[in-house]
Amino acid sequence: MADLAHDLGHSEHEGLGVENRKLAMWIFLASEFMFFGALISTYLLFKGKEGLTSPVPRELYDIPFTSVSSFVLLMSSLTMVLAHNAQGRKDQPATRSWLLATALLGMVFIGGQVYEFSTFVHEGMTMRTNAAASGFYLLTGFHGTHVLIGIIMLLSLFGISRRHGGLSDANGLNLELVGLYWHFVDIIWIVIFTVVYLIP
Amino acid sequence: MSETAPTQAHHHPTPRQYVQIALLLAVLTAIEVGLYYTEPTLGKLVTPALLLLAVIKFGLVVGYYMHLKYEKRLLTGFFGAGFILASLIYGVVLVAFLILPRFG
């Protein structure tokens, strides 16, 4: 009877052979492609337009600085996957350390973005300067917001783990879901860095 | 963690392999930046090269860090469908507004 109840509970959470929340996260991330696709396309439509008021984003990019930011975000994906790995081994102190490291790297990235935005504004490029600038701030700003939400989720997991002496199995799944979200934010930045910053 | 986690964990890369992938990602990023500065020399070759490197980095993160390589195909289907749909829709938009006008 207990086995039957367990099986029923199991099928309730894994109707398609994948944990429902995990499936929902993957579908959510898939839908995010549409969201970021719209923002990237909008920027690309305006970036080469003639007759824009100067300065346009391309004139102000600091590629070495943004490259370092990109490296930081890539490394945060490493620390995130190491947190997931540590959770799988039930190594709670290591899980907490890697979660905190990921959040800190995310904060460094956000700090870099704040610095970049303030420099651009100081150079005279605001949201209203031209359509390319609006597209740039909208795209990178929304990406930054995603990073910020990720940091909040990471710190929440860190807090829960610290308070309860570790993450339960349920919270272990939450860590996996947060990890998926975090890596997604990273792959979106891979696209933005190439398409927006590097491609002429 | 779901009940399937221990089985999946068996197939997942080791921490050492995760670090190796991170190093590869860092090297690819360095090559991208290098290509950016060689644009005046290489000209139009830079764009496809940069796109190729971005695709490789994208694949490494999705496949190994997000473990899609080790997950059920259903997830690859959903995720791939979202990516392909967005690429097609916005690809058509960009072709219509950026490339077609050049041909009058």
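Computed from the coordinates by the stated procedures, all read-outs in this text should not be read as laboratory data. Here the structure is a predicted model, which means the values were calculated and not measured. Neighbour counts are summed over all protein chains in view; Cβ atoms, including those assigned to glycine, are modelled from backbone coordinates with ideal geometry.
Tabulated data
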{"read-out": "From phi via Karplus (6.51, -1.76, 1.60), per-residue ³J(HN,Hα) for region A:165-172 in Hz, x at Gly/Pro", "value": "x, x, 9, 6, 4, 5, 6, x"}
{"read-out": "At most 15 other Cβ within 10 Å, DSSP loop - trypsin sites (Lys or Arg not before Pro), region A:97-169", "value": "A:R128"}
{"read-out": "Region A:28-198 - charge dipole about Cα centre, Lys and Arg +1 at Cβ, Asp and Glu -1, debye rounded to 20", "value": "300 debye"}
{"read-out": "Over the protein assembly as shown: Kirkwood hydrodynamic radius from C-alpha pairwise inverse distances, Å", "value": "20.6 Å"}
{"read-out": "Percentage relative contact order, chain B, counting C-alpha pairs under 8 Å, at least six apart", "value": "28 percent"}
{"read-out": "Cross-link partners of B:K69 among lysines (Cα-Cα below 30 Å; sequence separation of 8 or more within a chain)", "value": "A:K22, A:K90, B:K57"}
{"read-out": "Per DSSP, loop trypsin sites (Lys or Arg not before Pro) in region A:49-96 with at most 16 further Cβ within 10 Å", "value": "A:K49, A:R89, A:K90"}
{"read-out": "Signed unit charges on C-beta, dipole axis of chain A, positive-most listed residue A:N85, A:Y181, A:F109", "value": "A:F109"}
{"read-out": "Whole-number percent relative contact order across chain A, with pairs defined as alpha carbons under 8 Å at least 6 apart", "value": "30 percent"}
{"read-out": "Helix axis angle, A:131-164 relative to chain A longest principal axis, alpha carbon, degrees", "value": "30 degrees"}
{"read-out": "Pairs of alpha carbons in region A:28-198 whose separation is greater than 30 Å (percent)", "value": "25 percent"}
{"read-out": "Loop-located GluC sites (Glu not before Pro) in region A:92-200 whose Cβ has at most 16 other Cβ within 10 Å (DSSP)", "value": "A:E123"}
{"read-out": "Cα-based helix-to-principal-axis angle, A:92-122 vs chain A, degrees rounded to 10", "value": "20 degrees"}
{"read-out": "Region B:1-71 - Rg and Dmax from Cα coordinates, angstrom", "value": "16.2, 55"}
